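**Q** Handing you this structure, nothing more for now.
The values are calculated or read from the model by the stated rules, or taken from the named source; none is laboratory data. As the structure is a prediction and not an experimental result, all values here were calculated from the model. Cβ placement follows ideal geometry from the backbone for every residue including glycine, while neighbour counts extend to all protein chains displayed.
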Amino acid sequence: MCSKKTVVVGVTGGIAVYKALDVISSLKKKDLDIHVIMTKNAMEFVTPLSFQSLSQNMVISDMFAEPKAFEIQHISLAKKADLMLIVPATANVIGKVANGIADDMLTTTIMATKAPVVFAPAMNTNMYNNVIVQENIKKLKSLDYKFIPPASGRLACGDIGTGKLADTNTIVETVLTMLYDKKDLVNKKVLVTAGPTISPIDPVRFITNRSTGKMGFAIAEEARDRGADVTLISGPTSLVPPVGVKYIKVETNEEMLRETLNHFEQQDIVVKSAAVADYKPKQYSTTKIKKSESELSIDFIKDTDILKTLGETKKNQILVGFAAESNDLIKNAEAKVRTKNLDYIVANDITSRDTGFASNDNKVTIITKEGKIIPMEKMTKREVARELFNLINT
């Protein structure tokens with residue numbers, strides 16, 4: 001984001017109030033200006049001092065308290081907000097806003113703001129599923145208010161069902177996506193492949209590569225934040241799937257090929273950043289290969305070149321490939337642009353110790369189908385993703 005954004009967080013009275021502290025702490029770490037409005041019921045669970053300490057701003061609760069400056073506070077905050085987040089959002093506050101009731105500092109500020117308003121509901125599962133609450137949510141959604149759906153599980157009351165506050169990461173990622181400064185991929189479909197694939201040898205063993213999926217996940221997050229409808233197809237990785245994208249897990253080259261082709265035709269942009277296995281054992285052993293005194297020899301055959309397959313079948317899609325090279329970086333990457341019918345290729349030197357696999361940083365060169373070579377400085381993988389889409393959208 002280009003400039004510091006302001007988020008006004010409304011905290012209402014539910015048992016999940018304490019989780020709002022974690023949300024605010026996480027948002028503050030993203031260099032956001034956080035202002036908190038608490039309802040009187042919320043203050044029965046957690047004191048304003050806790051929120052004041054984390055937000056580093058005065059907490060507002062009483063409409064009639066003497067203001068710290070000469071301003072009408074609910075109007076001032078309503079104008080200052082780039083986004084309002086209500087967390088936790090009780091059935092009470094949802095019902096009030098849905099029916100135009102503004103009887104405290106929080107609801108009057110919601111009514112006065114022109115900024116997007118996001119509700120993160122948390123309540124007993126029977127309350128959440130009550131037809132009145134659901135009708136109120138439906139009404140607010142029709143008026144362009146946003147909702148972060150609650151999770152399912154064991155609730156504080158002991159019931160099991162939907163009603164738990166969404167996890168902190170989901171809430172924070174949703175806020176950051178809505179605040180992102182570039183929205184040039186709205187109404188676009190973007191497919192990203194990420195991570196390694198595996199080639200099974202027997203039920204126990206397989207071969208793979210060092211890819212962690214970090215680059216592909218960063219590309220998916222960038223596309224999502226710019227407004228795209230994102231599908232992420234990933235091989236085995238320990239990374240948490242990004243919030244707000246369609247996530248498909250695969251293991252083998254064959255599985256990635258099938259899923260990619262299933263979605264390819266509908267896409268506007270396809271970024272093939274996965275490190276797909278080039279070879280697989282000629283013969284798969286259905287039983288574990290036993291250790292013996294003699295040497296083990298395995299014959300390998302070439303597996304499908306997914307990127308080349310996409311290049312041969314593409315129509316209007318923009319197709320981006322990746323080239324992880326240990327030598328002749330530009331020469332090898334340029335050859336792939338031609339032989340695989342790519343629009344862009346992102347080439348990186350895998351011999352560097354501080355970039356590439358497992359690192360949060362990368363140092364790449366982007367080559368276009370017209371032959372333009374664009375070297376880039378070392379930057380985070382998310383920054384690489386941003387520069388890639390900047391180039392695609394020029």
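**Q** Can you tell me how many residues in segment 255-271 are of a type outside the set (A, V, I, L, M) and surrounded by 15 or more Cβ atoms within 10 Å (Cβ to Cβ)? Can you show your working first?
**A** Initially, segment 255-271 is screened for residues of a type outside the set (A, V, I, L, M), giving 255, 258-260, 262-268.
Now drop any that are not surrounded by 15 or more Cβ atoms within 10 Å (Cβ to Cβ), which leaves 255, 259-260, 263-264, 267-268.
Counting residues in segment 255-271 that are of a type outside the set (A, V, I, L, M) and surrounded by 15 or more Cβ atoms within 10 Å (Cβ to Cβ) gives 7.
**Q** Can you pull out the residues in segment 242-268 that are in contact (Cβ under 8 Å) with a residue 60 or more places away in the chain, within 27 Å of residue 314 (Cα to Cα) and in a loop (DSSP other than H, G, I, E, B)?
**A** Pass one, segment 242-268, residues in contact (Cβ under 8 Å) with a residue 60 or more places away in the chain: 242-244, 256, 260, 263-264, 266-268.
The next check asks that each one be within 27 Å of residue 314 (Cα to Cα); those that pass are 242, 244, 256, 260, 263-264, 266-268.
Correct list: 242, 244, 266, 267, 268.
**Q** Now for a separate question. Scan segment 195-252 residue by residue and report those that are more than 29 Å from residue 302 (Cα to Cα) and among the acidic types (Asp, Glu).
**A** 221, 222, 225, 229
**Q** Then there's this: Among the residues of segment 76-112, what is the count of those that are touching a Lys or Arg at 6+ places or on another chain (Cβ under 8 Å), over 21 Å from residue 17 (Cβ atoms) and modelled with pLDDT of 95 or more?
**A** Residues meeting the conditions: 2.
**Q** Moving to a separate point now. Going by what's in this entry, would residue 341 be described as at pLDDT 95 or above and part of a helix (DSSP H, G or I)?
**A** Details: at pLDDT 95 or above: yes; part of a helix (DSSP H, G or I): no.
The answer is no for residue 341.
**Q** Taking segment 1-27, which residues are surrounded by 15 or more Cβ atoms within 10 Å (Cβ to Cβ) and more than 27 Å from residue 163 (Cβ to Cβ)?
**A** 5, 6
**Q** Now, a different point. If residue 216 satisfies every condition in (1) assigned to a loop (DSSP other than H, G, I, E, B); (2) touching a residue at least 40 places away in the same chain (Cβ under 8 Å) but one, which is the exception?
**A** (1)
**Q** Scan (1) of a type in the set (Val, Ile, Thr); (2) within 19 Å of residue 362 (Cα to Cα); (3) crowded, with 23+ Cβ neighbours inside 10 Å for the single condition residue 197 breaks and write down its number.
**A** (2)
**Q** Separate question: Return yes or no: is residue 350 in contact with a strand residue (DSSP E or B) (Cβ under 9 Å, 6 or more places away or on another chain), under 23 Å from residue 269 (Cα atoms) and among the hydrophobic types (A, V, I, L, M, F, W, C)? Walk me through how you get there before you give the answer.
**A** Working: in contact with a strand residue (DSSP E or B) (Cβ under 9 Å, 6 or more places away or on another chain): yes; under 23 Å from residue 269 (Cα atoms): no; among the hydrophobic types (A, V, I, L, M, F, W, C): yes.
No, not satisfied.
**Q** Output yes when any residue across segment 139-160 is at pLDDT below 95, surrounded by 20 or more Cβ atoms within 10 Å (Cβ to Cβ) and over 21 Å from residue 107 (Cβ atoms), and no when none is.
**A** Within segment 139-160, one or more residues are at pLDDT below 95, surrounded by 20 or more Cβ atoms within 10 Å (Cβ to Cβ) and over 21 Å from residue 107 (Cβ atoms).
**Q** Another question, then. For residue 363, all conditions in the list (1) free of Cβ contacts under 8 Å to residues at least 40 places away in the same chain; (2) within 24 Å of the chain's Cα centre (by Cα); (3) surrounded by fewer than 17 Cβ atoms within 10 Å (Cβ to Cβ) hold save one; what is the number of the exception?
**A** (3)
**Q** Look at segment 169-213 and say how many of its residues are within 18 Å of residue 391 (Cα to Cα), charged (D, E, K, R) and either assigned to a loop (DSSP other than H, G, I, E, B) or modelled with pLDDT under 95 (or both).
**A** Selection size over segment 169-213: 5.
**Q** Which of the residues belonging to segment 144-187 are hydrophobic (A, V, I, L, M, F, W, C) and over 23 Å from residue 14 (Cβ atoms)?
**A** Pass one, segment 144-187, residues hydrophobic (A, V, I, L, M, F, W, C): 147-148, 151, 155-157, 160, 165-166, 171-172, 175-176, 178-179, 185-186.
Result: 176, 179, 185, 186.
**Q** Quick one: in segment 75-112, of everything that is of a type in the set (D, E, K, R) and over 23 Å from residue 124 (Cα atoms), which residue is surrounded by the most Cβ atoms within 10 Å (Cβ to Cβ)? Step through it out loud before you land on a result.
**A** In the first step, residues of segment 75-112 are kept if they are of a type in the set (D, E, K, R); the result is 79-80, 82, 96, 103-104.
The next check asks that each one be over 23 Å from residue 124 (Cα atoms); those that pass are 79-80, 82, 103-104.
Working: 79: 14, 80: 15, 82: 19, 103: 9, 104: 21.
My answer is 104.
**Q** A further question follows. Go through segment 128-147 and report how many residues are closer than 15 Å to residue 101 by Cα and touching a Ser or Thr at 6+ places or on another chain (Cβ under 9 Å).
**A** Count: 0.
**Q** For residues that are acidic (Asp, Glu) and under 22 Å from residue 392 (Cα atoms), scanning just segment 207-251, find the one that is surrounded by the fewest Cβ atoms within 10 Å (Cβ to Cβ). Break it down stepwise before answering.
**A** So the first thing to find is which residues in segment 207-251 are acidic (Asp, Glu), and the list is 221-222, 225, 229, 251.
Still in the list and also under 22 Å from residue 392 (Cα atoms): 221-222, 225, 229.
Numbers: 221: 24, 222: 28, 225: 26, 229: 19.
Looking at the filtered set, the residue picked out is 229.
**Q** Further question: May I ask you to say which residue of 177, 193 is touching a Lys or Arg at 6+ places or on another chain (Cβ under 8 Å) and closer than 30 Å to residue 154 by Cβ?
**A** Working: 193 fails: closer than 30 Å to residue 154 by Cβ.
After ruling out the rest, the residue left standing is 177.
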